[in-house]
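Computed from the coordinates by the stated procedures, all read-outs in this text should not be read as laboratory data. None of the values given here were measured: they were computed from a predicted structure. So basically every Cβ, Gly included, is an ideal-geometry build from the backbone, and we count neighbours across all protein chains shown.
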Amino acid sequence: MSNSLVLVINSGSSSLKFALIDTVSGEATLSGLGECFGLPEAVVSWKIDGEKHEHMLEAEGNHHQQAVDRIVALLEELGMKQDIVAIGHRVVHGGEKFTKTVKIDETVLEEIDNLSDLAPLHNPAHVIGMRAAMKAFPSLSQYAVFDTAFHQTMPAKAYTGAISQKLYKEYGIRRYGFHGTSHYYVSREAAKMINKPVEDSNFISVHLGNGASVCAIKNGKSVDTSMGFTPLAGLMMGTRCGDLDPSIIEFLLKKGWSQQEVFDELNKKSGLLGVSGLTSDCRGIIEAMENGHEGATLAFEIFCYRVAKYIGSYMVALDELDAIIFTAGIGENSQPIRSKILENLKIFGYREDEEGNAAARFGNAGVITKPNTPMAMVIPTNEEWVIAKESMELLHA
Ligand code: AMP
C-alpha cells in the first residue's frame, strides 16, 4: 500500500466527502462524510469494517477546516497518513479555462474562485476545502479535477446557445456540461468491454443519479451533453426540473413569486419529487408505482421518456454507436427504469435481455440487451478513482 494512497476530497457548501484511494488496487481504503456545516450539529462520520464512527465538530468556527483536521487525525490514528502522496479535489466548474486536471497553486485557487459566478454553490466551497487541505497537508501536492473538463471538446454548434453572441462574450453563457469525470470513466471501461481502443469507440453515456445527464461520446471525446450552463438543464432529476420553457420563469415572477422562490422550486422541488408529490428517491418512486400511486407512475413515465428522447437525439451527434452506457445510482441499479428506457427506444432496435438486466446491478457491470441487437450496458462509475489516478499521474509527470 505504501506510497500509493491519494486522498480525494469533494468539498461542498455544507459538506465534505472524502475517500482514501489506493491507486494500485483501485480500492477505497477509507471513506467518510462531513455534513451539516454551519449548523451546531456539524459532524464527520466514516466507516471502518462496516461500523460507523462519528465525531461532532465544535458548534462554531470553520467547519471545513475542523473536518479536514479531524480527517488528518483519523489518518494518523489509523497509521495511513504517511502513505498519502497526493490530494485530489473534485471541482464542479472549470469554465473554459480548465480543460484538464491541474496542480493547485495560488493562481489556480484564484481562477477557480473567479469562476464562482458560474457555480455559486460549488466553487467557493471547493476553494475553502482546498485551503483547509493545504493547511493540513502543507508538504503534499494537491490537484483539481473538473466536472466540466471532459466536455471542453464539444463543437461550437453543441455548446453555443441560440442567443445573441454578446451573452457568450460578456458573460460566458454557453453549455458547459457536468458529470464529465463519470462520463469519461465509464466510456473508457466500456471500450475495454467491447475490446476496442477508446479513440475508435462511440457511446451514449447515461449518468442517472440524483443529478442526471446524457453525453454523446465520439471517438472517446464528448461531443454533446444534456446539462448546460448549470446542472439544472437536460433530464428530469431527483429534485431538478431539467429542460423547461424559460417563459415559465417570467410567468411565475409576474404571478408574484420571488426570484428565490422560483429558483428553489426548479432546483429543489421539481423532478421526481415534484411530479410524484412523494419523494426524490428512485427506489421510493418504484415502490409507490408498484402500489398503484398515480404521481409516482407519472414521474417514472416522464423520467424514462425523457432519457429515451435524449438518447434518440444524440444519434444525430454520432456517425456510429457502439453502445449505450447506464451508470450512477439509478443507472447502475434500477432494472425497471432501464427496461422502460430500452422499450422507449424500440424503434432503434433495442431489445432488453431480462436476465442480463437483472444481473447488472449492485456494482456488477454487464450487457443488458439481447445478442445481435444494438447494445446497452451497465458500468458502475468511479469518479474518486479517476480523481486519484489523474492526481497520481500528474504527480509523477
Ligand atoms: P447517486 O446520485 O448516483 O448516488 O444516485 C442516487 C439515486 O440512485 C437515488 O434516486 C436512489 O434512489 C437511486 N438508487 C440507489 N440504489 C437504487 C436501487 N437499488 N434501485 C433503484 N434506485 C436506486
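An oblate overall shape is assigned to region 99-151, the ratio a/c of its alpha-carbon gyration tensor axes (a ≥ b ≥ c) being 1.5 or greater and a/b not exceeding b/c.
Placing +1 on the Cβ of every Lys and Arg and -1 on the Cβ of every Asp and Glu, with nothing else charged, gives the chain a dipole about its Cα centre of roughly 1020 debye. Rg of the Cα atoms in the chain, relative to 2.2 N^0.38 Å, amounts to 0.99. In plain terms, the chain from Val24 to Ser4 could stretch by 6.6 nm, reckoned as 0.36 nm per residue minus the Cα-Cα distance.
In the chain, the DSSP beta bridges split such that about 65 percent are antiparallel, to the nearest 5.
Under Stokes-Einstein, with the Kirkwood radius over Cα pairs as Rh, the value for region 1-144 at 10 °C and 1.306 mPa s is 103 µm²/s.
When a/c reaches 1.5 or more, the comparison of a/b and b/c decides; with that in mind, is region 97-217 rounded, prolate or oblate per its Cα gyration tensor? Cα axes put region 97-217 in the oblate bin. Computed from the C-beta positions of Leu140 and Glu294, the FRET efficiency with R₀ = 56 Å rounds to 0.55.
Cβ-Cβ distance of Lys255 and Ser116, R₀ of 41 Å, FRET efficiency by 1/(1 + (r/R0)^6): the value works out to about 0.85. At R0 = 45 Å, how high is the FRET efficiency between Asp319 and Asp281 if r is their beta carbon distance? Nearest 0.05 is fine. Given R0 = 45 Å and the Cβ-Cβ separation, E is 0.75. Computed over region 303-397, the P(r) curve from all C-alpha pair distances, binned at 5 Å from the origin, holds 3, 13, 22, 21, 16, 10, 8, 5, 3, 1 percent per bin. Over all directions, the projected convex hull of the C-alpha atoms in region 70-139 averages 5.1 nm² in area.
Here region 1-86 yields Rg over Rh of 0.98, to two decimals, using C-alpha coordinates and the Kirkwood radius. Region 234-298 and region 118-163 have Cα centres separated by 27 Å. Neighbour counting of Cβ atoms within 10 Å sorts the residues His151, His55, fewest neighbours leading, into His55, His151. When Leu394, Leu235 are sorted by how many other C-beta atoms sit within 10 angstrom of their C-beta, beginning with the fewest, the order is Leu394, Leu235.
Taking other C-beta atoms within 10 Å as the exposure proxy, Met130, Met227, Met392 rank Met392, Met130, Met227 from fewest upward.
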